[in-house]
Amino acid sequence: MKYDFRLLGVPELTPELCRDVQKVSREAEGFRQLQLPEEHRRTSEQVDHFVRWNDPEGYMQSLIDPNRDVGGRIRAGNELWGSKVIVAREVGGSAVVGTLFAAQNVSGPLHERLIKRYGPNPSKRFLWISMIAVYPEYQNQGVARSMLSVLLEAANPNQPVAAYPDALNTGVIDWLSRLGFRETDRSPVDRYGTGKKDVEQIRMQADKVSSVLDNLAQRG
Ligand SMILES: CC(C)(COP(=O)(O)OP(=O)(O)OC[C@H]1O[C@@H](n2cnc3c(N)ncnc32)[C@H](O)[C@@H]1OP(=O)(O)O)[C@@H](O)C(=O)NCCC(=O)NCCS
């Protein structure tokens, strides 16, 4: 199948589009849970909590401005900027089959925040990949790989990249490792609304957009 990929900024994040994105995220996460051993598997209510299924307006606002989650879902002290959403559709089709959400991490003391936003040297400005999801029926056809390429080709080649998979997500961790990402940290987080830190989240980092793109190209 052939796919069409669009890189969207804040002005294009309409309520309908954001709901489509949320739906893909919910289906993909629900399907991932089914593949986990029973003792680790989350209920559909917990998945809905994670993807904020019952709060489409809050979900949309978090795509538009992820800073509203700092101190909650996003660690205190972070500042994000420049949200980007990628959507994949079948050529000729209207349904969103895959999606990726990313932003620039411009955290730090005030002067550093300004340098990260407006300075010419991007080596300290992380590209933060927050979420990547593909509808189960459309997985294993390179949709995620293409979405990542579209994101990275539009980014500064010299900036570093970070992603935060859950420790049980070994398929994604192995994939990121093949692309040159390395674990730099891991910490427990409250992701599924159980009232406790219910997931171990791994921070994975690649030093340069350009090297990840090289690794993606080598894998065809
Ligand atoms: C992760 C996900 C987005 C991959 O989408 P996809 O379109 O099927 O991925 P692709 O076909 O582009 O494959 C990308 C790479 O990931 C690998 N991969 C993806 N999911 C995998 C899995 N569950 N197990 C093993 N490998 C996996 C593929 O082998 C491929 O590696 P390669 O390019 O080195 O051969 C999809 O499985 C998904 O939506 N998962 C649930 C949500 C999730 O876990 N998101 C990531 C954390 S935010």
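Every number here is computed from the coordinates shown, using simple stated rules; none is lab data. Bear in mind the structure is a predicted one, so any value in this text is a computation, not a measurement. For neighbour counting, all protein chains shown are included, and Cβ atoms are generated from backbone atoms with ideal geometry for every residue, glycine included.
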Rounded to one decimal in nm, the spacing of the 7 Å Cα→Cβ label points at GLN218 and GLN205 is 2.2 nm
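So if each residue of separation counts as 0.36 nm, and I subtract the Cα-Cα distance between ASP185 and ALA95, what length gain in nm does that give? The partial results should precede the final answer.
Details: separation 90, 0.36 × 90 = 32.40 nm, distance 3.62 nm.
So the chain would gain 28.8 nm between ASP185 and ALA95.
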For ARG113 and ASN158, extending 7 Å from Cα along the Cα-Cβ vector and measuring point to point gives, in nm, a value of 2.5 nm
Subtracting the Cα-Cα distance of ARG6 and ALA76 from 0.36 nm times their residue separation yields 22.1 nm
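Could you tell me the calculated FRET efficiency between GLU38 and SER123, based on Cβ-Cβ distance and R0 = 30 angstrom, to the nearest 0.05? Walk me through the numbers on the way to the answer.
Values: r = 44 Å, r/R0 = 1.48.
For GLU38 and SER123, the calculated efficiency is 0.10.
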Largest-first semi-axes in Å of the equivalent ellipsoid built from the Cα gyration tensor of the chain are 24, 21, 19
Final fewest-first order of ASP174, ASP20, ASP207, ASP166 on the 10 Å Cβ neighbour count is ASP174, ASP207, ASP20, ASP166
Taking 0.36 nm per residue of separation between GLU45 and GLU16 and subtracting their Cα-Cα distance, the length gained on full extension comes to 8.2 nm
Note, the range 73-80: 3J(HN,Hα) by Karplus (6.51, -1.76, 1.60, θ = phi - 60°), whole Hz, Gly/Pro = x, goes 5, 10, 4, 4, x, 7, 10, 10
